[in-house]
Each structure stands twice: as C-alpha cells, then as structure tokens.
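Everything on this sheet refers to the single structure shown next.
The values are calculated or read from the model by the stated rules, or taken from the named source; none is laboratory data. Note that the structure is predicted; figures quoted are calculated from it, not measured. So basically every Cβ, Gly included, is an ideal-geometry build from the backbone, and we count neighbours across all protein chains shown. Protein only, heavy atoms only, side chains kept; ligands, DNA and RNA dropped before computing areas. Shrake-Rupley method; radii C 1.70, N 1.55, O 1.52, S 1.80 Å.
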Amino acid sequence: MSQPRIRFGILTPSSNTALEPLTCAMLADIEPVSAHFSRFRVTQISLEPEALGQFDDRPILAAAKLLADAKVDVIGWSGTAAGWLGFEHDIELCRRIEESTNIPATSSILALNERLKEDNISKLGLVSPYVADVQSRIIENYQGIGISCVAESHLNISDNFSFAEVSQACLTDQVEAVAKEIPQAIVTYCTNLNAAHLVTEWESKLGIPVLDTTATVVWKMLRMTGVDPREVRGWGSLFRQEA
C-alpha cells in the first residue's frame, strides 16, 4: 500500500530563482513529500518604504490561498524579511495564513529561531548579500532575543534577483571569514542564495554548524507533518537531529 502524499506549500519571492530547485533537491529522496510554490512580488531588499511595502500581507495571503487550492498540508514562507521587519511580523503572518486557509503555517525565520533556541545558540555568525542597514537591523533584532552577532559579512546588494548570482567562491569566502571569530553557528541569511547544498562541505571544513534559511523552513515543515528530518541526507547537521 502506497504512503499518503504530503504536500508542502511554499511562499516564494517573485524574483527568487534559488529556493525552488534547492527545496526540491532536499526533498527528492523522501518519496511521499512534494513541494508546491506560489509567488508574490519582491524585487528589492532595503529599508526604503517601497521595499518594505512588498511584505504587506495582502499579496502574501492571496498567494497562500492559491496554495490552499492544491490542498497542501502545511504552508511555509521561505523568506527572511522578518529579520529586518521584526520577528513578530512572521508570527502574525503565520497566524493570518492559518486563519485564512485552515492550514498550519511557518517561516524560514521562525524555524531558524526555534533551532537556535533548541541548540542554545547565543553567538552567531551572519552571512547575507544585503545592504549595510538591513544587515544592522537583523543584528539588532537578534540582540533583542539574546543572540549576539560575533561576526558578519554582507555584500551590499539590494536587487533580489542578483542574490542568486553570488558565486560559490564568494559565499565560501564569506562563511570562512565569519568562522574566524568562532561563532556557535553560522547562518546564511537569504533564501535566494545558492548556499544550502554547500553546507555539508563548510561544516566539515570549519567544524561549525551552518544553518541555511532555505533549509530551515523545510526542516520545520517536515517536523510539522510528522516526517523525520533525518530522512534528508547530505544537507548538513540541521537535518541530523531527531524530531
């Protein structure tokens, strides 16, 4: 008798070209699980009012309702905007998604913060492609929950599409640079970085856990649907902890 299907609904920024192939690759060997995507418009990341307005919940809720048409079992917002908007943004967004669709919801950042708490992480290394004031806001928000950023690297890019064009060599340089300060964990903080598949290599070389935000939402959705995250193999230590 075949296993029942488990469908993940994933909310995706419109100009993101990294998270869909990476998410599908993570789930490729888990037979009953499939990923389904819905987009809303995001093209720039900055603290300017127009850029912040992209995360108004109305278009996000509309995208979530389209996923509900596919009868998904869980909805995950695969994005990092709560890092600069404030973590309560994703708490409220997930509440409204659940209210609108009757489907459980989570996000990359809520999942990341849950894992940081579980692992008692208080010293973080932060890697992103963002501009300086966005990076500073993320650091401030983590300070607010008792997590200090002991090292950071950012690329001063604001065009969302361009994040996916950052090379493997550049990302490795960023990760290795923050690793010199010996944080308890390093986070690659953007779901449009082609980074998740490099985590195992970085962890092996550096001996420091690396948490990628495209992976954290997958990890949490697996837990929420009763699938052991350890079924995801080759994507780093995030998935090696028992549910």
> Hey, which of these cross-link pairs are over 25 Å Cα-Cα: K123/K205; K71/K220; K180/K220?
Replying inline: K180/K220
> Once you list every other residue whose beta carbon is under 14 Å from the beta carbon of G86, what net charge do they have if Lys and Arg are +1 and Asp and Glu are -1?
Replying inline: -4
> Per residue, what accessible area does the chain have, given a 1.4 Å probe and all protein chains present, in Å²?
Replying inline: 43 Å²
> Restricting to the stretch 1-160, what percent of DSSP beta bridges are antiparallel, rounded to 5?
Replying inline: 5 percent
> Points 7 angstrom from Cα along the Cβ direction at N120 and N156: gap in nanometres?
Replying inline: 4.0 nm
> How much net charge surrounds F8 when only other residues with a Cβ under 13 Å from its Cβ are counted (Lys, Arg +1; Asp, Glu -1)?
Replying inline: +3
>> Classify the chain from the C-alpha gyration tensor, please: rounded if a/c falls under 1.5, else prolate or oblate depending on whether a/b exceeds b/c.
In response: oblate
> On full extension of the chain, what length is gained from R39 through A169, given 0.36 nm per residue of separation minus the C-alpha to C-alpha distance?
Replying inline: 43.9 nm
> At what distance in nm do the modelled label points of R95 and E201 sit from each other, each positioned 7 Å from its Cα along Cα→Cβ?
Replying inline: 4.3 nm
>> For the stretch 104-172, place one equal point scatterer on every Cα, skip the solvent, and apply the Debye formula. What is log10 of I(q)/I(0) at q = 0.17 Å⁻¹?
In response: -0.73
> Expressed as a whole number of Å, what is the distance separating the alpha-carbon centroids of the stretch 68-133 and the stretch 208-239?
Replying inline: 14 Å
>> Relative contact order for the stretch 60-148: what percent, with Cα pairs under 8 Å and sequence separation of 6 or more?
In response: 30 percent
> What is the list of residues in the stretch 67-107 whose amide nitrogen lies under 18 Å from a point 7 angstrom out from the Cα of S136, following Cα to Cβ?
Replying inline: 83-86
> Of D56, D69, which has the most accessible area and how do the rest follow, probe 1.4 Å?
Replying inline: D69, D56
> So who's got an amide H within less than 5 Å of the one on G236, skipping anything under 5 residues away but keeping other chains? H placed 1.01 Å off N, in plane.
Replying inline: T200
>> Quick check: net charge around D73, other residues with Cβ under 10 Å of its Cβ, Lys/Arg +1 and Asp/Glu -1?
In response: +3
